[in-house]
Amino acid sequence: MILRQAASTISGQADKTTSHSTRLPAEKLLAGHPKDDSQVAGYQGRQLIIGLTGGIGSGKSTVAALFAEHGAGVIDTDVIAHQMTQAGGEAIAAIHAAFGDGYLTGDGALDRAKMRELIFSDAAAKQRLEQILHPLIFEQAKVQLQQLQMKSYVIVVVPLLPESRAFRQLVQRVLVVDCDEDSQIARVIGRSRMTENEVRAIIARQTPRAERLQLSDDVIRNDAGLDKLAEQVAVMHEHYLKTQNSN
């Protein structure tokens with residue numbers, strides 16, 4: 001899955017929606033990774049699944065909430081990751097076995113600040129954490145997809161979708177929430193205790209903005225306020241309904 005899950009669990013906008021006509025086709029997006037039909041059986045062909053991604057502070061959660069207001073199903077892998085790393089969460093025993101008492105809080109939850117510091121300085125530790133979290137999060141996402149079968153389409157929020165083969169295979173379209181880096185930094189600082197340097201370090205480790213946009217099927221710009229954001233989501237909602245109905 002996704003370093004942002006590993007990191008965040010431990011932690012403007014154009015006037016109209018952009019839907020690329022020159023983007024990379026799905027075959028190139030998944031080049032070298034043929035879709036395993038058994039992995040996605042029961043989802044594809046019946047329901048449109050959109051992978052929503054973007055850099056830290058781009059506004060993914062806000063966009064997902066706006067889609068939910070239109071009746072879309074929403075699965076947020078960050079929310080799943082947080083649930084799994086709370087005290088008694090499904091991932092806690094494995095995290096304790098791999099990292100010891102020092103990375104848990106007094107009540108037995110993941111100490112996000114300490115873990116974030118560790119994985120940003122230790123690539124092997126980052127890999128260990130991902131090996132614990134990613135399979136668990138993916139399986140829970142599939143469970144939630146089953147629960148949302150009656151929805152016309154489902155938005156799956158995956159912060160680092162470009163790096164996740166499993167989720168790229170699961171979704172039919174990629175929606176990127178995009179904004180400039182200064183906006184990202186301001187939003188993250190405003191909602192957390194992270195410093196500007198810490199936010200910049202996270203951005204530097206994520207997929208570059210240009211590469212995210214190249215992989216996208218659809219783009220929503222988030223740099224002109226909530227009203228403009230809501231307008232774009234409304235347009236994209238109608239587009240996804242038409243796409244689903246044409247399947």
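The table for this structure:
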quantity	calculated
Segment 40-60, residues that are modelled with pLDDT of 95 or more and in a helix (DSSP H, G or I)	K60
Among residues of segment 214-247, those that are assigned to a helix (DSSP H, G or I), open to solvent by 50 Å² or more (accessible area, probe 1.4 Å) and not β-branched (V, I, T), counted	10
Filtered residue count, segment 146-160, keeping only those that are open to solvent by 40 Å² or more (accessible area, probe 1.4 Å) and of a type in the set (S, T, Y)	1
Residue in segment 135-145 that is within 24 Å of I203 (Cβ to Cβ) and either surrounded by 22 or more Cβ atoms within 10 Å (Cβ to Cβ) or at pLDDT below 95 (or both) present	yes
Selection count where residues are open to solvent by less than 50 Å² (accessible area, probe 1.4 Å), under 25 Å from N197 (Cα atoms) and in contact with a Ser or Thr (Cβ under 9 Å, 6 or more places away or on another chain), scope segment 78-111	4
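A quick yes/no check of all residues on (1) in contact with a strand residue (DSSP E or B) (Cβ under 9 Å, 6 or more places away or on another chain); (2) modelled with pLDDT of 95 or more; (3) crowded, with 19+ Cβ neighbours inside 10 Å; (4) assigned to a helix (DSSP H, G or I):
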site: P162; (1), (2), (3), (4): yes, no, yes, yes
site: V174; (1), (2), (3), (4): yes, yes, yes, no
site: V177; (1), (2), (3), (4): yes, yes, yes, no
site: G190; (1), (2), (3), (4): no, no, no, yes
site: N197; (1), (2), (3), (4): no, no, no, yes
site: I202; (1), (2), (3), (4): no, no, yes, yes
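The values are calculated or read from the model by the stated rules, or taken from the named source; none is laboratory data. Being a predicted model, the structure only gives us computed values, none of them experimental. Neighbour counts are summed over all protein chains in view; Cβ atoms, including those assigned to glycine, are modelled from backbone coordinates with ideal geometry. For the accessible areas, the whole protein counts, side chains as well, though only heavy atoms, and no ligand, DNA or RNA atoms are used. Shrake-Rupley method; radii C 1.70, N 1.55, O 1.52, S 1.80 Å.
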